[in-house]
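Notes to accompany the following structure.
The values are calculated or read from the model by the stated rules, or taken from the named source; none is laboratory data. All values derive from a computational prediction rather than experimental measurement. Cβ coordinates were reconstructed from backbone atoms using ideal geometry, including for glycine residues, and neighbour counts include every protein chain displayed.
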Amino acid sequence: MKKRGLVVRAIPALVAGMASGYAAASGFQLIEQSASGIGNAYAGSAAVAENASTIFSNPAGMTQLQEREFSAGVTAVQPSFKFSNSASSAGNLSAAGTGGDGGSLNFVPNGYASWAVNKDLYLGLGISAPFGLKTEYNNPWIGAAQSLKFEIKTLNVNPSIAYRVNDTVSLGFGLDWQKIDAEYRRLAGTGLAPTGLPSPPFPAAIDVSTITSVLKVNDDAWGWNAGALFNVSPATKIGVSYRSAIKYKLTGDVSLSADGTVAGATALAVLTGGGKASNVSADLKLPDTWIFSATHKLNDQWELLGDLSRTGWASIPKLDIVRTSGVASGAIAQTLNTDFRNTWRAALGANYKLSDTVKLKMGIAYDQTPVKAAESRLVSLPDNNRTWLSVGTQWQASKSSTLDVGLAYLFVKDAPINNNQSATLQGLVNGTYSDNAWLLGAQYSYRF
């Protein structure tokens, strides 16, 4: 009973941990929902069901667990986004530099618990962060009018149920309450704004490169997930799962601030007409995801794993941020022309049983970016296709305790960018991003 109480007290702590920032995977989807999967590059994610984190990848997998299980972990993500300039044009910011490294160390925590009501019916609860992004550049830099900082944070609470239909088939279902917070910080423009611009109306030509714009929005919404697990034979399992799209009505405000100079203060006064902020709203539909997975034991030592997934990123063709108060109410404050496409991810992995207590893991994966072309690549998301190389180990410390550690390196293809927003005074960013990322995670699982 004492250990059970520790588990209950750990769950609120994990919820609080979601407030920290974290970095993007392909697009800004985070598949690092259990560090135990890192070693296999998340191959077999919807079929492996090795601990309670199956609640996220396939709730039907709970039927493969013991009477009560708890699993918690954290993944450290260190991305790197370095820009090399070719032919950018950014007015007063043209000589301001290339922004340094837009990536930084961040952490993705998770926690899961499952309970067997009887031998066929299981209940579970998962706490995770399915989407996240953070890019932050030096101020100023050549692309500062397009982005200085862009951060997305999510929290997902996922009560679930699973039922064993028979020895071959198990089904699972879950509800997802998801909260999102986003912050977007940039300079208001690259230089002098002429009179007569429609939104907002400028009564005089002013230097908007001295003004910082800060947008903050949030919302919460509901979605669902479901899955099926098939024990085809004692050696082979097949899993299929689906997570629904989630629709948000983001609300918040956009505020302006000067750089502290007299010119900046004057520009701010002219730009705002005495008011520094206005309310805004935006419609956002985060993508759905399909996963098809399989695992197969070749013998007592070797196990093979495979994964194929599809994410519906085309649900975000663009994001219009609309003012809902002030003299420019109804006007578009900012448009992010994402032009995303649907993407595929494929992964292969293998496990080797070194002893009764130690398992070695390895994996490789190919992860497709939702960004179609250099013209639609954002400095806030300098993403491209990447290849995962992963290794890990699992140590069964006792009959009830297991510890997983995984390490992955992501080779990201160089990402050309030719994003021209000169018409809205945000300049042309033209060059190439050199990206990569390291992942290091640990997961502790307890059965009682």
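Of the conditions (1) surrounded by fewer than 24 Cβ atoms within 10 Å (Cβ to Cβ); (2) within 25 Å of the chain's Cα centre (by Cα); (3) not aromatic (Phe, Trp, Tyr), ARG164 satisfies every one except a single condition; which number is it? Failed condition: (2). Just one of the listed residues (VAL240, VAL270, VAL262) is of a type in the set (Val, Ile, Thr), modelled with pLDDT of 95 or more and more than 19 Å from VAL217 (Cα to Cα), and it is VAL240.
The set of residues in region 392-419 being surrounded by 15 or more Cβ atoms within 10 Å (Cβ to Cβ) and among the polar types (S, T, N, Q) consists of THR393, GLN394, GLN396, THR402, ASN418, ASN419. From the list ALA365, ALA277, the one residue that fits, being touching an Asp or Glu at 6+ places or on another chain (Cβ under 8 Å), of a type in the set (Gly, Ala, Ser) and at pLDDT 95 or above, is ALA365. Answer yes or no: is there a residue in region 86-103 that is in contact with a Lys or Arg (Cβ under 7 Å, 6 or more places away or on another chain) and among the aliphatic types (A, V, I, L, M). No; the residues of region 86-103 include none that is in contact with a Lys or Arg (Cβ under 7 Å, 6 or more places away or on another chain) and among the aliphatic types (A, V, I, L, M).
Among the conditions (1) of a type outside the set (S, T, N, Q); (2) touching a Pro at 6+ places or on another chain (Cβ under 9 Å); (3) exposed (fewer than 14 other Cβ atoms within 10 Å of the Cβ), the only one that TYR433 does not satisfy is (3). Picking from residues in region 97-113 that are crowded, with 20+ Cβ neighbours inside 10 Å and of a type in the set (A, V, I, L, M), the one that is farthest from ALA144 (Cα to Cα) is ALA113.
Of the residues THR393, THR335, the single one that is of a type in the set (Ser, Thr, Tyr), modelled with pLDDT of 95 or more and more than 16 Å from the chain's Cα centre (by Cα) is THR393. Residues that are modelled with pLDDT under 95 and either touching a Phe, Trp or Tyr at 6+ places or on another chain (Cβ under 9 Å) or at positive phi (or both) within region 339-362 comprise just one, ASP339.
List pairs: first residue in region 150-175 and part of a strand (DSSP E or B), second residue of a type in the set (Lys, Arg) and crowded, with 17+ Cβ neighbours inside 10 Å anywhere in the structure, Cβ distance under 8 angstrom, at least six positions apart or on different chains. Listed pairs, sorted by first residue: PHE150/LYS134; PHE150/ARG185; GLU151/LYS134; ILE152/LYS134; SER170/ARG164. Can you find a residue that is over 22 Å from the mean Cα position of the chain (by Cα), more than 16 Å from LEU378 (Cβ to Cβ) and not acidic (Asp, Glu) anywhere in region 411-421? Among the residues of region 411-421, not one is over 22 Å from the mean Cα position of the chain (by Cα), more than 16 Å from LEU378 (Cβ to Cβ) and not acidic (Asp, Glu), which makes the answer no. Taking the conditions (1) more than 30 Å from LEU192 (Cβ to Cβ); (2) touching a Pro at 6+ places or on another chain (Cβ under 9 Å); (3) in a strand (DSSP E or B) in turn, VAL108 satisfies each one other than (2). Please work out which residue is farthest from GLY174 (Cα to Cα), limiting yourself to region 135-145 and to residues that are surrounded by 24 or more Cβ atoms within 10 Å (Cβ to Cβ) and of a type outside the set (A, V, I, L, M, F, W, C). The qualifying residue farthest from GLY174 (Cα to Cα) is GLY143.
Only one entry of ARG345, ARG341 meets the criterion of being among the basic types (Lys, Arg) and in a strand (DSSP E or B), and that entry is ARG345. For region 131-178, filtering for residues that are under 18 Å from ALA245 (Cα atoms) and among the acidic types (Asp, Glu) leaves 1. For region 366-374, check the following and say yes or no: at least one residue is among the small types (Gly, Ala, Ser), more than 30 Å from ALA87 (Cα to Cα) and in a loop (DSSP other than H, G, I, E, B). No; the residues of region 366-374 include none that is among the small types (Gly, Ala, Ser), more than 30 Å from ALA87 (Cα to Cα) and in a loop (DSSP other than H, G, I, E, B). Residue count for region 114-143 under the criterion of being in a loop (DSSP other than H, G, I, E, B) and closer than 25 Å to ALA188 by Cα: the result is 7.
Across region 114-128, the number of residues qualifying as surrounded by fewer than 22 Cβ atoms within 10 Å (Cβ to Cβ) and within 21 Å of ILE38 (Cα to Cα) comes to 0. Pull up region 66-80, narrow it to residues that are surrounded by fewer than 24 Cβ atoms within 10 Å (Cβ to Cβ) and either of a type in the set (Gly, Ala, Ser) or assigned to a loop (DSSP other than H, G, I, E, B) (or both), then point me to the one that is nearest to the chain's Cα centre (by Cα). The qualifying residue nearest to the chain's Cα centre (by Cα) is ALA76. Going through region 26-47 one residue at a time, which ones are in a loop (DSSP other than H, G, I, E, B) and among the small types (Gly, Ala, Ser)? Those that are in a loop (DSSP other than H, G, I, E, B) and among the small types (Gly, Ala, Ser): SER26, GLY27, SER34, ALA41, ALA43, GLY44, SER45, ALA46, ALA47. Which of the residues that make up region 397-438 are within 16 Å of GLY73 (Cβ to Cβ) and of a type outside the set (Asp, Glu)? ALA397, SER401, THR402, LEU403, VAL405, GLY406, LEU407, ALA408, listed by residue number. Scanning region 287-325 for residues that are in contact with a helix residue (DSSP H, G or I) (Cβ under 9 Å, 6 or more places away or on another chain) and either polar (S, T, N, Q) or over 19 Å from ALA43 (Cβ atoms) (or both) yields PRO287, ASP288, SER293.
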